[in-house]
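Read the structure below first, then the notes.
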Amino acid sequence: MRGRHIETFSMYKRASSKDHINGVDRDGILGQSQSGVWKDVAYPSWKRPLPHILVACLSSFLFGYHLGVVNDTLESISLDLGFSGSTMAEGLVVSTCLGGAFIGCVFSGWISDGLGRRRAFQLCALPMIIGASMSATTSGLEGMLLGRFFVGTGMGLGPPVAALYVSEVSPAFVRGTYGSFTQIATCLGLMASLFIGAPAKNVHGWWRVCFWVSAIPAALLALLMEFSAESPTWLYKRGRIAQTEAELERLFGAPHVKSGMTELSKSDRGGDDVDVVKFSELLYGRHFRVVLIGSVLFALQQLSGINAVFYFSSTVFKSAGVPSDIGNICVGVVNISGSIVAMILMDRLGRKLLLLGSFFGMAVAMGFQVIAASDILSGSANLYLSVGGMLLFVLNFSLGAGPVPGLLLSEIFPSRIRAKAMAVCMAVHWVINFFVGLLFLQLLELMGPQILYSIFAMFCLTAVVFVKKNVVETKGKSLQEIEMALIPAD
């Protein structure tokens, strides 16, 4: 009830009914309240920040590309570098990258707060270029692991900064839609790695080309960020008022600078307030609950088993008798299709509903995998159920569990702690991701698919219960209303 009486601007200006009837601002559209009553709102243009957001999404594209680049190429890499048949070595090629990502992620909050969002993006591109070059030219396992570690540090830095940047430069009425762009970019990166990696089994040394290709978008990210807008939120927190106003005008237009400054003044006091945020503040006290929610949400996302599918789908398809290139292309198409649907629904159905439906659907899909592994049905039926269950799992993930957590966290964290809190939660993400990549093949051999997939399904159901009890809906709410719902007053 208290939130209804709070006047919010959220980067747009209000117009009177008469003015709106006589003529709508060219950049404006009509908005509808949750009660169904039309209200007159002149929004800033959604087109102005779009180029800057697309540049930022290059980091998410690289994230997806490097997640999938070893999928089709791992067999060729192991043969050429002399560790074929060693599941531990193969797991290290996958998970060393994730270990580097953990390191990059831990420092992402301090880097993005200290240097700014633009410089953080450029810094994440540098180790990706160096690491890809090392992996492409190595003649042994050690060089591959070192290159993957360097790439990982950039991967760990990029996603949390991208989530921050997109939420901070997006108009509120399309924040959910633009927040989905990072997931779509990740899907495109995964698909690109699958398409480019397809000839690896037939063309000797093609896997080296796959690593060289990744240096191109990394170089573009570093170059184009030089011409992109800095986050007004970051500039305001650093006390750079004139630059903040200039970037607000660049992103939203001159008529929206005043309302944008008013919005920023509600969340921040300006100056160097950001420098006094200590790591200990995130682990106890008034911010503990939101950090815990974010950390558990990312942990459950990874414990669902999704990255086991992305890393080792070729192995699973091969065991089911399906050509891995065809199967992986299907995974990529389903993943990006679901992400596009999520983009459309994000600001309509809301974040919480998408999360609940997504995790429940993933549990059902894992149930199909368990049945397929039990040999209850005939051989052909098991084949269809196994492949269909995997594709259904990926589809449900892309509808909610994939795109929502990063966006949701950038909304529920107060701007004062946002970057560092994102770093903590993403660090949890990478720790779980690391062990899934390292141990999946060994656990599959030790436990068998029935037990392992059942465990994944139980984590998905646990996520449903957790989201139902702890996650608040942020659709249609100002950042101030979200903060008041989650953060108790001093």
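At a glance:
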{"item": "Test: residue in region 186-195 that is touching a residue at least 60 places away in the same chain (Cβ under 8 Å), hydroxyl-bearing (Ser, Thr, Tyr) and within 20 Å of VAL394 (Cα to Cα)", "result": "yes"}
{"item": "Filter result for ALA200 (touching a Gly at 6+ places or on another chain (Cβ under 8 Å) and either modelled with pLDDT under 90 or crowded, with 20+ Cβ neighbours inside 10 Å (or both))", "result": "no"}
{"item": "Breaking point among (1) over 26 Å from SER95 (Cα atoms); (2) among the aromatic types (Phe, Trp, Tyr); (3) at pLDDT 85 or above, for TRP212", "result": "(1)"}
{"item": "Test: residue in region 168-187 that is surrounded by fewer than 24 Cβ atoms within 10 Å (Cβ to Cβ), farther than 24 Å from LEU79 by Cα, over 17 Å from the mean Cα position of the chain (by Cα) and at pLDDT 90 or above", "result": "no"}
{"item": "Qualifying positions in region 368-397 - closer than 14 Å to ILE306 by Cα and either of a type in the set (Asp, Glu) or at pLDDT below 90 (or both)", "result": "GLN369, GLY389, MET390, LEU391"}
{"item": "Flag if GLY147 is more than 20 Å from PRO403 (Cα to Cα) and buried (at least 24 other Cβ atoms within 10 Å of the Cβ)", "result": "yes"}
{"item": "Where ARG208 falls short, out of the listed (1) surrounded by fewer than 24 Cβ atoms within 10 Å (Cβ to Cβ); (2) not assigned by TED's automatic domain parsing to the domain that holds CYS330", "result": "(2)"}
{"item": "Evaluation of VAL322 against (1) modelled with pLDDT under 80; (2) of a type in the set (A, V, I, L, M); (3) in contact with a Phe, Trp or Tyr (Cβ under 9 Å, 6 or more places away or on another chain) (one fails), failing number", "result": "(3)"}
{"item": "Count of residues meeting criterion [crowded, with 20+ Cβ neighbours inside 10 Å and among the charged types (D, E, K, R)] in region 417-466", "result": "2"}
{"item": "Test result for LEU392, over 16 Å from CYS460 (Cβ atoms) and part of a helix (DSSP H, G or I)", "result": "no"}
{"item": "Residue identified as at pLDDT 85 or above and not charged (D, E, K, R) among GLY91, GLY68, GLY131", "result": "GLY131"}
{"item": "Residues of region 346-357 satisfying the condition of being at pLDDT below 90 and either surrounded by 19 or more Cβ atoms within 10 Å (Cβ to Cβ) or basic (Lys, Arg) (or both)", "result": "MET346, ASP347, ARG348, ARG351, LYS352"}
{"item": "Filtered residue count, region 224-240, keeping only those that are in a helix (DSSP H, G or I) and within 22 Å of the chain's Cα centre (by Cα)", "result": "5"}
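Matching residues to (1) of a type in the set (S, T, N, Q); (2) under 14 Å from GLY152 (Cβ atoms); (3) not assigned by TED's automatic domain parsing to the domain that holds VAL213:
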site: VAL55; (1), (2), (3): no, no, no
site: SER60; (1), (2), (3): yes, no, no
site: ASN71; (1), (2), (3): yes, no, no
site: PHE83; (1), (2), (3): no, no, no
site: THR87; (1), (2), (3): yes, no, no
site: VAL94; (1), (2), (3): no, yes, no
site: CYS97; (1), (2), (3): no, yes, no
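The values are calculated or read from the model by the stated rules, or taken from the named source; none is laboratory data. The structure presented is a predicted model; accordingly, all values stated were derived computationally and were not measured. Here Cβ is always computed from backbone atoms with ideal geometry, including for glycine, and neighbour counts include all displayed protein chains.
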